[in-house]
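The values are calculated or read from the model by the stated rules, or taken from the named source; none is laboratory data. No experiment lies behind these values; they were computed from the predicted model shown. Every residue, glycine among them, receives a Cβ derived from its backbone with ideal geometry; neighbour counts consider all protein chains shown. Just so you know, the surface numbers come from the protein's heavy atoms only, side chains and all, with ligands and any DNA or RNA stripped out. Shrake-Rupley method; radii C 1.70, N 1.55, O 1.52, S 1.80 Å.
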Amino acid sequence: MSVVIAIDAGTTGVRSRAIFTDGRASVSSYREFPQYFPQPGWVEHDALEILFAVRKTLSEVIAQLAALPDAQIATIGITNQRETIVAWDKSTGIPFGRAIVWQDRRTADRCTELLPMLATVRATTGLVLDPYFSGSKVQWMIENGQAPHSADLAVGTIDSWIIWNLTGGNSFVTDPSNASRTMLFNINNMHWSEQMCDTFDVPIASLPTIVPSSGRCGVTQSFENIPGNIPISGIAGDQQAALFGQACFDVGSSKNTYGTGSFVLMNVGSECPPPTDGMLTTVAWDLGSGKPTYALEGSIFVTGSAIQWLRDGLNIIDNAAQVGPLAASVADSGGVVVVPAFTGLGSPWWDPYARGIICGITRGTSRAHIARAVVQSMTYQTRDVVEAMVRATGVPLIDMRVDGGAAVMDMMLQMQADQLGVTVVRPKDLETTALGAAYLAGLAEGVWPTLQSITDSWQLDRTFTPQPTSTTASEYSLWSRAVQRSLSWASDSR
């Protein structure tokens, strides 16, 4: 029996998961790693801690599989937080300082300086000038002496770092879904852009080779109890992997992942669309045919991490599972609105200087009201993105497939359906990011022979139909007013 292992390297932890082709329950291992906040707006990871989590979880899954005599590991797929960037020395394998995380805003001023180039950036990369993306982060590393210009410099997103290490330094690669998030990649010709690399002073020689999202790109080298010669055959950024895992193979199909942030993606086919206001154009995947699939994306920076903030910052809850019942313990938010712009606002605002605010507090405000306002903010931000996407494409939203940790909250998904005015669809398996990585790897190795076989494996859990109340519109109006107050907050206070 074939087993595909997916390594899902997220923003706060790594989960390795074995997916069985006969439908039995998967086995997995999860390990968190620390987040570092050296200054306001700065977010960093230690790449060696991420690597340790990868090896630890992978070895634990392999150990579990060893107890199953009929389980044969066919391949490994990698999915990862996308715009986080690592620089390391190829000769030693040691990182140059910490990785700069996608949430980091330290290069906001540099992006503002480049605004005269916005039209070129959008036409070339599909992105907007925002510190969210990797290019300005690499420039900061080099200009501030963290990463040197040298023949041994390697710069890559987390997938490149993981694969380089798992293959013993034999494969320095990335796929187009990750490359298209760096602001260094031309999504039209599918090559690194010399113009963008020159703009950010990034040597092209330091960047990884582009390989298909589905296709063998290397094999593991034995390390402790991780065996050698396991093919690594699938790579995708986490949101594109989730789109693939949700079987959104038809033009116009869409999904929203409620993770650390939330990301709405719509499959727009094999022709690269023109730049779209408020949205990003990204490569969804390349199956090796030479014709990539593109997606339109709305990126929301903070949703699930706002729940972590309730737990770790405000101590309102002890664990994330408590937020749903706490929010449901009150009938409404009592007029409280939370805009969780902790690191700026993404789509459709793209304001790195926005900051989080809480509006409408009264003497009667309780922790339950604040919790409910945080949950509501997840649905409001998604509505902002979807309405901008529909305006841009002219394609009405038929339904929304959802996944991610927060998608277990029935109350939140009902709120989402009410705000969007369309049916929200939840699959049985919410870890669609890992599924997508597994499907891409398994497709390359013949574990799943066709896209249709992947579609057939998708299973529905529940649908949520819109049931708007008399206050649905007024609550969203309050949200819109609060967002306006959060915009440009940091720049106004400097």
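List the residue ranges in the chain for DSSP H helices whose C-alpha atoms run 24 angstrom or more along the long axis and whose Kyte-Doolittle average is -0.5 or above. All intermediate terms of the calculation are to be shown ahead of the outcome.
Values: long enough: 47-66 (28 Å, 1.11); 367-393 (39 Å, -0.04).
Length and hydropathy pass: 47-66, 367-393.
I'd like the distance separating the alpha-carbon centroids of the range 416-440 and the range 236-300, in whole Å.
So the separation of the two Cα centres works out to 13 Å.
Where does the charge balance sit around LEU430 when Lys and Arg score +1, Asp and Glu -1, over other residues with C-beta under 13 Å from its C-beta?
+1
Percentage of Cα-Cα pair distances in the range 199-291 greater than 20 Å, rounded to whole percent? Provide the component values of the computation, followed by the final result.
Working: 2285 of 4278 pairs.
Across the range 199-291, Cα pairs with separations above 20 Å total 53 percent.
How large are Rg and Dmax for the range 447-494 when only the alpha carbon atoms are used, in Å?
Rg then Dmax for the range 447-494, in Å: 21.8, 57.
Quick one: with all protein chains in place, what share of the accessible area of the chain is carbon or sulfur, to the nearest percent (1.4 Å probe)?
Numbers: 9180 of 18100 Å².
C and S fraction of accessible area: 51 percent.
Only Lys, Arg, Asp and Glu count, each charged at its Cβ (+1, +1, -1, -1), so figure out the dipole size of the range 355-450 about its Cα centre, rounded to 20 debye.
On the way: 9 positive and 9 negative charges, 110 e Å.
Around 520 debye, computed over the range 355-450.
How do the peptides 413-424, 257-268 rank, highest first, by the average count of neighbouring beta carbon atoms within 10 Å per residue? Intermediate results must be reported in sequence, preceding the final value.
Numbers: 413-424: 21.1, 257-268: 26.0.
With the highest mean Cβ count within 10 Å placed first, the list reads 257-268, 413-424.
If the cut-off is a Cα-Cα distance under 29 Å, which lysines reach LYS90, setting aside same-chain residues fewer than 8 apart in sequence?
Those lysines meeting the cut-off are LYS56, LYS137.
Arranged from highest to lowest average of other beta-carbon atoms within 10 Å per residue, in what order do the peptides 99-106, 393-400 appear? The partial results should precede the final answer.
Numbers: 99-106: 24.1, 393-400: 14.0.
Per-residue Cβ counts within 10 Å, averaged per peptide and sorted highest first, yield 99-106, 393-400.
Quick one: Cα centre-to-centre distance for the range 189-219 and the range 444-461, in angstrom?
29
Using the Cβ atoms and a cut-off under 14 Å, what net charge is assigned to the surroundings of ALA417, where Lys and Arg are +1 and Asp and Glu are -1?
Details: positive: ARG383, ARG401, ARG426, ARG462; negative: ASP399, ASP410, ASP418.
So the surrounding residues net to +1.
About its Cα centre, what dipole magnitude does the chain give when the only charges are +1 on Lys and Arg Cβ and -1 on Asp and Glu Cβ, stated in debye to the nearest 20? Provide the component values of the computation, followed by the final result.
Working: 32 positive and 45 negative charges, 154 e Å.
So the dipole magnitude of the chain works out to roughly 740 debye.
Work out the charge dipole of the range 3-96 with +1 on the Cβ of Lys and Arg and -1 on the Cβ of Asp and Glu about the Cα centre, then indicate which of HIS45, ILE7, ALA71 is farthest towards its positive end.
ALA71
Bin all alpha-carbon pair distances of the range 416-468 at 10 Å intervals from 0 and give each bin's fraction as a whole percent.
24, 37, 25, 13, 2
Give me the net charge of TYR476's neighbourhood, meaning all other residues with Cβ under 12 Å from the Cβ of TYR476; Lys, Arg count +1, Asp, Glu -1. Before the final figure, lay out the partial values.
Details: positive: ARG383, ARG481; negative: ASP384, GLU387, ASP418, GLU475.
Around TYR476, the charge tally is -2.
Mind ordering 46-56, 228-238, 67-77 by average Cβ neighbours within 10 Å, highest first?
Top to bottom by mean Cβ count within 10 Å: 228-238, 46-56, 67-77.
Could you report the range 186-241's accessible area per residue, 1.4 Å probe, as an integer in Å²?
That works out to 41 Å² for each residue.
If I take the Cα coordinates of the range 172-230 and project them onto the principal axes, what are the three extents in Å, biggest first?
Principal axes ranked by extent give 44, 22, 15 Å for the Cα atoms.
Take the Cα coordinates of the range 391-494, assign each an equal point scatterer, and use the Debye formula without solvent to give log10 I(q)/I(0) at q = 0.15, 0.18, 0.24 Å⁻¹.
Rounded to two decimals, the profile gives -0.84, -0.99, -1.22.
Given a 1.4 Å probe, how much area per residue of the range 25-88 is accessible, in Å²? Let's see the in-between values first.
Details: 2550 Å² over 64 residues.
Per residue, the range 25-88 has 40 Å² of solvent-accessible surface.
For the range 126-195, state what percent of all Cα-Cα pairs lands in each successive 5 Å bin, counting from 0 Å until the bin that includes the largest distance.
3, 16, 22, 25, 22, 10, 2, 0
In terms of Cα to Cα distance under 16 Å, which lysines are near enough to LYS428, apart from those fewer than 8 places away along the same chain?
Partners within reach: LYS255.
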